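Please read the structure below before turning to the comments.
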């Protein structure tokens, strides 16, 4: 059996991919929750209100959730 499986992206690679997809004009905030080992993120277009992500242990996962949630508001 072959071992030609794609390796999962590291958190840094995932963050780089996401930041490349989010338009430069968008507001992006990633913050660590005080006293906890979790992150949350907010992304939104200029003039729009965005929704914060749920807390995640990985900042890239928080950013991805916020991006997916808030980009659909434009449709």
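The values are calculated or read from the model by the stated rules, or taken from the named source; none is laboratory data. Because the structure is predicted, anything quoted here is derived from the model rather than measured. Here the Cβ is made from the backbone with ideal geometry for all residues, glycine too, and neighbour counts use every protein chain on show.
Quick look at the values:
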{"quantity": "Count - residues of segment 1-22 that are more than 19 Å from residue 69 (Cβ to Cβ) and either in a loop (DSSP other than H, G, I, E, B) or touching a strand residue (DSSP E or B) at 6+ places or on another chain (Cβ under 9 Å) (or both)", "calculated": "10"}
{"quantity": "Of the criteria (1) closer than 15 Å to residue 24 by Cα; (2) assigned to a strand (DSSP E or B), which one residue 67 fails", "calculated": "(2)"}
{"quantity": "Within segment 37-60, tally of residues that are closer than 15 Å to residue 21 by Cβ and within 10 Å of the chain's Cα centre (by Cα)", "calculated": "3"}
{"quantity": "Of all residues making up segment 23-54, the number that are in a loop (DSSP other than H, G, I, E, B) and more than 21 Å from residue 8 (Cα to Cα)", "calculated": "19"}
{"quantity": "Subset of segment 2-20 [loosely packed, with under 10 Cβ neighbours inside 10 Å and under 18 Å from residue 61 (Cα atoms)]", "calculated": "7, 8, 20"}
{"quantity": "Qualifying residue in segment 29-39 (condition: closer than 16 Å to residue 72 by Cα, at pLDDT 95 or above and touching a strand residue (DSSP E or B) at 6+ places or on another chain (Cβ under 7 Å))", "calculated": "no"}
